[in-house]
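Only the coordinates and a few stated rules stand behind these numbers; no lab work does. What you see is a predicted model, and the numbers here were worked out from it, not measured in a lab. So basically every Cβ, Gly included, is an ideal-geometry build from the backbone, and we count neighbours across all protein chains shown.
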């Protein structure tokens with residue numbers, strides 16, 4: 001009996017052992033299968049990850065074919081890759097490790113040769129040369145800009161960015177309207193940032209440049225005599241508007257009268273001679289440019305022109321419309337660069353009150369008379385800059401209506417593709433508007449912005465305007481995105497002090513409206 005029990009117990013142990021082996025086999029098989037599955041999933045995830053399957057869903061992957069501006073290279077953008085074809089042969093294909101969202105070809109560094117620019121994605125924020133403070137690069141996909149050069153049938157790396165720092169939905173350049181190429185990046189909210197090539201890499205620029213332009217700074221005798229007695233700095237002229245001037249990117253005023261540092265030449269109407277202290281007040285207020293081609297420009301002869309021009313030049317203020325005796329070569333415009341945008345500024349006057357220009361320098365005052373020359377001036381300015389402004393002294397004094405001369409020259413400026421025209425001389429406000437030609441070109445015209453300051457008794461001459469507009473860089477080039485004409489009123493205060501200030505009441509009653517194109 002005992003032996004039977006021992007046999008049965010042995011058989012049971014053997015059975016359990018066999019069962020355990022089968023169980024363990026199943027367990028091992030299950031573990032092996034799970035491990036294989038995990039490895040397969042890992043391998044699949046790795047493959048999918050490295051092929052960009054898990055990149056952000058908002059990306060719009062472009063597929064198109066285009067050419068370099070020279071026409072020598074055909075660029076094929078397809079399935080997150082770029083191929084360059086020359087003479088029907090593929091000479092370059094983008095590396096497999098990067099995924100191309102979009103590409104453009106343009107002269108980014110302004111050396112008259114195209115570059116290939118890729119908006120692309122790669123794993124990691126950095127390349128081989130990561131910053132020394134970064135121990136380990138990330139394993140995430142990040143957006144980059146790569147720049148390549150076309151060189152004798154080869155494509156060579158020129159510049160590879162680290163992480164851009166923003167999500168870029170659209171990459172473009174600012175078009176052929178500008179001689180200076182810029183990279184425009186549009187983010188997911190539609191905001192555009194501008195980037196210009198700067199020796200080695202891109203520099204971000206301000207894409208919105210604000211202008212303030214004031215009318216005739218007409219210094220009659222009561223104004224300068226008050227200043228000489230009470231405020232030799234003449235800071236009172238701009239005390240109410242100095243903050244606005246400093247906040248603008250570019251501020252300009254029409255200096256109607258020539259400057260002098262000779263007290264014996266101080267004078268008012270009809271032959272003006274304005275104390276140099278007024279010029280110093282303009283500099284202290286923060287003006288960037290003055291327009292000086294007026295009918296009073298020659299009131300102090302060539303000596304007045306020489307002093308005025310040299311004074312403003314010495315204070316780094318662009319002096320428009322006049323040239324000193326030494327400047328015999330015709331120089332029709334000055335250039336101001338702001339935020340990477342280059343602005344050309346031209347200035348002309350209808351005449352000089354019958355006073356003749358010196359034969360030795362017929363360019364001393366820029367006159368509004370030679371139509372062909374002025375068309376050439378504007379055309380040449382357009383080839384050198386992004387945006388053209390014309391300051392013009394014209395129209396009928398004390399008239400709110402536009403005359404035939406203004407209409408004629410407005411058409412000429414429009415045909416020449418000027419961008420903004422600002423008129424002075426009538427000493428009163430006239431309309432302003434945006435004109436559009438058949439090609440879609442727009443030109444903002446202020447026919448007259450009146451006086452900034454004067455002692456003229458006419459009521460209309462005490463109501464001037466401050467032209468305010470913003471020039472923005474867009475994919476279509478530089479465009480005016482906001483404009484207005486803010487009203488100013490000149491007041492004579494007790495003691496003979498003349499001041500100018502914004503006049504909200506007049507603005508409401510005058511019917512002038514802030515406009516947007």
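Using Cβ counts within 10 Å as a stand-in for footprinting exposure, how do 76, 365, 168 rank, fewest first?
With the fewest neighbours first, 76, 365, 168 line up as 76, 168, 365.
Which of (i) 26.1; (ii) 41.8; (iii) 47.8 is the computed mean projected area of the Cα convex hull in nm² for the structure on display?
(ii)
Using only Cα atoms, locate the centre of the stretch 351-386 and the centre of the stretch 236-293, then give the distance between them in Å, rounded to an integer.
After rounding, the separation between the Cα centres reads 23 Å.
Neighbour counts of other C-beta atoms within 10 Å: give me 197, 92, 394 arranged from fewest to most.
The order, fewest Cβ neighbours first, is 92, 197, 394.
Arrange 400, 182 by Cβ neighbour counts within 10 Å, fewest through most, would you?
400, 182
Quote the Stokes-Einstein diffusion coefficient, in whole µm² s⁻¹, for the stretch 64-205, based on the Kirkwood radius over alpha carbon pairs, a temperature of 20 °C and a viscosity of 1.002 mPa s.
Estimated via Stokes-Einstein, D reaches 135 µm²/s.
How much of the DSSP beta bridge set in the chain is antiparallel, as a percent to the nearest 5?
That works out to approximately 75 percent antiparallel.
Which angle between 0 and 90 degrees, to the nearest 10, do you get for helix 301-314 versus the longest principal axis of the chain when only C-alpha atoms count?
Roughly 30 degrees between the two axes.
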